[in-house]
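Participant: My structure is below; once you've seen it, I'll send some questions.
The values are calculated or read from the model by the stated rules, or taken from the named source; none is laboratory data. Everything numeric here is computed off the predicted structure, so don't read it as measured data. Cβ sites come from the backbone with ideal geometry, for glycine too, and all protein chains shown count toward neighbours. When the accessible area is computed, the model is the full protein with side chains, heavy atoms only, and any ligands, DNA or RNA have been set aside. Shrake-Rupley method; radii C 1.70, N 1.55, O 1.52, S 1.80 Å.
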Amino acid sequence: SLLYLQEPSNKRVRPLARVTSLANLISPVRNGAVRRFGQTIQSFALRSDSKSPGCAQKSCSRSAAPTPPKRRNSVLWSEMLDVNMKESLSTKEIKRQEAIYEMSRGEQDLIEDLKLARKAYHDPMLKLSIMSEEELTHIFGDLDSYIPLHEDLLASLGEATKPDGTVEQIGPILVKWLPRLHAYKGYCSNQLAAKALLDQKKQDRRVQDFLQRCLESPFSRKLDLWSFLDIPRSRLVKYPLLLKEILRHTPKDHPDIQILEEAISIIQGVLSDINLKKGESECQYYIDKLEYLDEKQKDPRIEGSKALLCHGELKNKNGHKLYVFLFQDILVLTRPVTRNERQAYQVYRQPIPVQELLLEDLQDGDVKMGGSFRGAFGNSDKAKNIFRVRFQDPSLGQSHTLQANDVFHKQQWVNCIRTAIAPFQRTAAAAELKELPELNEEAEENNPSAPNIKAQKRQSAMSGITEMELDESTSECGSILDSEEAKGAKTHRTSSGHRKTREKQLSGKRKET
C-alpha cells in the first residue's frame, strides 16, 4: 500500500502530457526522433522551472550529453557509380557530373528546408498562438510559394538524367528556369524588416522558449529560425558559382558551352535586380525610422534616397555612440533610441549633403588627449581609427570627429565617403581648370604681339587667384588649406611669408566641435 501511495506523487512532478503534445506539433521527423525531442523539452522545462538543488543537478547531467543533431548525408556522385562506369568516363566528365549533381542535391536540400520552416516553426507557432498570423506572414513571407519553383527544376533535372546517372545537357533547362528567380525580389526586400520583427518577438518569453527548444532538437541541425529563413538568399548567391563550376568542366566542343554562358549572364542579371530592389527597401526602412528634432534637419535628399551606401555605429568625440547613414546624396548622423520597444534613429545635428561634404582621414595619434578632446576616446593617450567630416562652408554646421571600432571599419567608412564625394570633386576640379585657360586665352587675344610673356601672365594670374582664395578662406582647414598653400608655393615665392602668417592664424581659429 505504501508503494501505491507514492507512485502517483512521483508521476505528478513530470509534465509529460504538455511536452508530448508540443513535441508532436513541432517535430517533422520519425517517432524515434519525437521521443528524443520530448526528452530535450523535458530537461529544458526542468531547468527553467526547478528550484531545488536536486533538480538542477539532474538537468545539468542531462544537458551534458545533448541529443546529436540530425545530419544530412553528403555523398559524391562518383561514389554511387560502379567501377566499370567510372572507368569509362574521363576525369573532366566526372567532375562535370559532380557539379551537376551538386546543383540537383542542393535543390533537394532547399526544398526540405523550406518545408521544414513551415512544418516545424510556422504552423506550431500559429496553432499555439505564440505569434499572430499577421506577424508570421511578415516574418515568413511567401516561403511556401517557392517550393514548387524549386521542385520544377529538380523534376527537370531528374528527367534529363540518364539511367546511368549522367546528364548530357543542362544548359537549356537552366536558361528556361533561371528567370523565374525574379520571384524572390519581394522576399529578399522584406528580409530586413522580417529580421527586425523576429528579433523584437524574441523578447517574448514564449517565443524565446519555443525557439530554444527547436534549436535543441535534432531536426534543426543546430540552426536557428533565421538560418532557415535566410537559406533561400544564400542559395541564390550560389547559383553563379555552381554554373561556373559546371562550365569549367564542360569540354569546349560541348553544345552546353554557349548556353551555360547565357545562363550565367541571366542569373547575374537576376541577382543584380534583386540587390537593387533589396537596397531600395533597406534604404526606405531606415528613412522611415528617422526622427527629426528640428524642421531644418529635414532634407529632400533624404526622402528621395534610393541607395544606402554605408551605415553603422561610430563614436563621437565625447565617446557617445552614434548611428551614421551615408545615403547616395547625404550623410546623416543619428542617435539610436527606442520607441515603444521599436528601434528608431534621432537625427543628430545637421545632415551634410555629399556635394558639400569634406573628409579628413586622421592618423592614429593626430588627436591627443587634452583640451576639447579630454576623455573623448577612452583611457588611451592617443585616439585611434578616427576621421573627420564637415561642411565645406563651416557656417552651415559643425565638424564631427568620428571613431570606428577598428581599422577595418574605419577604412570601409573612408572608402565609402571618398567614393560618394568623388564625382563632385571631379566636377569642381574640371570647372576650375576650365576657367583658368579662358583667362589666358583672353590675354593672348588682347596682346597678340606679346607671345613671350605668356608664361609670366599665367603665373601672375594664378598667383593673384591663390592670394584671393587664401584671404577669403580664413575659417577652412585640413586638406583644402594644404592644397591652396601648395598652389601659392608654385606660383609665387614672395607670398611664402604671408602664407605662414595666415596658416598660424587659421590654426588658432580652428574649432573641433
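Participant: I'd like to verify a number: residues in region 239-255 that are without any contact (Cβ under 8 Å) to a residue 12 or more places away in the chain and closer than 14 Å to Ser265 by Cα, how many?
Facilitator: 1
Participant: Looking only at region 155-170, which residues are open to solvent by less than 20 Å² (accessible area, probe 1.4 Å) and under 12 Å from Met103 (Cβ atoms)?
Facilitator: If the condition is that a residue be open to solvent by less than 20 Å² (accessible area, probe 1.4 Å) and under 12 Å from Met103 (Cβ atoms), then Leu157, Val167, Ile170 are the ones that fit.
Participant: Evaluate region 177-184: report whether one residue or more is open to solvent by 50 Å² or more (accessible area, probe 1.4 Å), closer than 30 Å to Lys95 by Cβ and assigned by the TED database to the domain that holds Ser234.
Facilitator: Within region 177-184 (the criterion being open to solvent by 50 Å² or more (accessible area, probe 1.4 Å), closer than 30 Å to Lys95 by Cβ and assigned by the TED database to the domain that holds Ser234), the answer is yes, since at least one residue qualifies.
Participant: Out of Lys296, Lys306, Lys278, Lys321, report the one residue that is over 30 Å from Gln169 (Cβ atoms), exposed (fewer than 15 other Cβ atoms within 10 Å of the Cβ) and within 18 Å of the chain's Cα centre (by Cα).
Facilitator: Details: Lys296 fails: within 18 Å of the chain's Cα centre (by Cα); Lys278 fails: exposed (fewer than 15 other Cβ atoms within 10 Å of the Cβ); Lys321 fails: within 18 Å of the chain's Cα centre (by Cα).
Checking each option against the conditions leaves just Lys306.
Participant: Among the residues in region 217-227, are any under 23 Å from Ser104 (Cα atoms), more than 26 Å from the chain's Cα centre (by Cα), at pLDDT below 95 and surrounded by 15 or more Cβ atoms within 10 Å (Cβ to Cβ)?
Facilitator: Yes: region 217-227 contains one or more residues that are under 23 Å from Ser104 (Cα atoms), more than 26 Å from the chain's Cα centre (by Cα), at pLDDT below 95 and surrounded by 15 or more Cβ atoms within 10 Å (Cβ to Cβ).
Every residue, every condition in (1) modelled with pLDDT of 90 or more; (2) out of contact with any Lys or Arg (no Cβ under 9 Å at 6 or more places or on another chain); (3) part of a loop (DSSP other than H, G, I, E, B), yes or no:
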position	(1), (2), (3)
Cys310	yes, yes, no
Leu314	yes, no, no
Pro336	yes, no, no
Gln355	yes, yes, no
Leu359	yes, no, no
Asp366	no, no, yes
Phe377	no, no, yes
Gln412	yes, yes, no
Thr419	yes, yes, no
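Participant: All but one of (1) open to solvent by 60 Å² or more (accessible area, probe 1.4 Å); (2) assigned to a helix (DSSP H, G or I) hold for Ser129, so report the exception by its number.
Facilitator: With respect to (1) open to solvent by 60 Å² or more (accessible area, probe 1.4 Å); (2) assigned to a helix (DSSP H, G or I), Ser129 is out only on (2).
Participant: Scan region 185-208 for residues that are over 30 Å from Asp273 (Cβ atoms) and open to solvent by 40 Å² or more (accessible area, probe 1.4 Å) and jot them down.
Facilitator: Scanning region 185-208 gives Lys202, Gln203, Asp204, Arg205, Arg206, Gln208.
Participant: Does Leu243 satisfy being crowded, with 16+ Cβ neighbours inside 10 Å, in the same structural domain as Lys92 (by the TED database), closer than 22 Å to Arg105 by Cα and touching a Cys at 6+ places or on another chain (Cβ under 8 Å)?
Facilitator: On the way: crowded, with 16+ Cβ neighbours inside 10 Å: yes; in the same structural domain as Lys92 (by the TED database): yes; closer than 22 Å to Arg105 by Cα: yes; touching a Cys at 6+ places or on another chain (Cβ under 8 Å): no.
So Leu243 fails the test.
Participant: Between Gly158, Gly165, Gly141, which is closer than 26 Å to Gly279 by Cβ and assigned by the TED database to the domain that holds Ile267?
Facilitator: Residue meeting the stated conditions: Gly141.
Participant: For residues in region 247-279 being part of a helix (DSSP H, G or I) and β-branched (Val, Ile, Thr), which is farthest from Glu102 (Cα to Cα)? Spell out the reasoning first.
Facilitator: In the first step, residues of region 247-279 are kept if they are part of a helix (DSSP H, G or I); the result is 247-248, 256-279.
Okay, now just the ones that are also β-branched (Val, Ile, Thr), so 257, 259, 264, 266-267, 270, 274.
On the way: Ile257: 19, Ile259: 19, Ile264: 17, Ile266: 20, Ile267: 17, Val270: 21, Ile274: 24 Å.
Filtering first and then ranking leaves Ile274.
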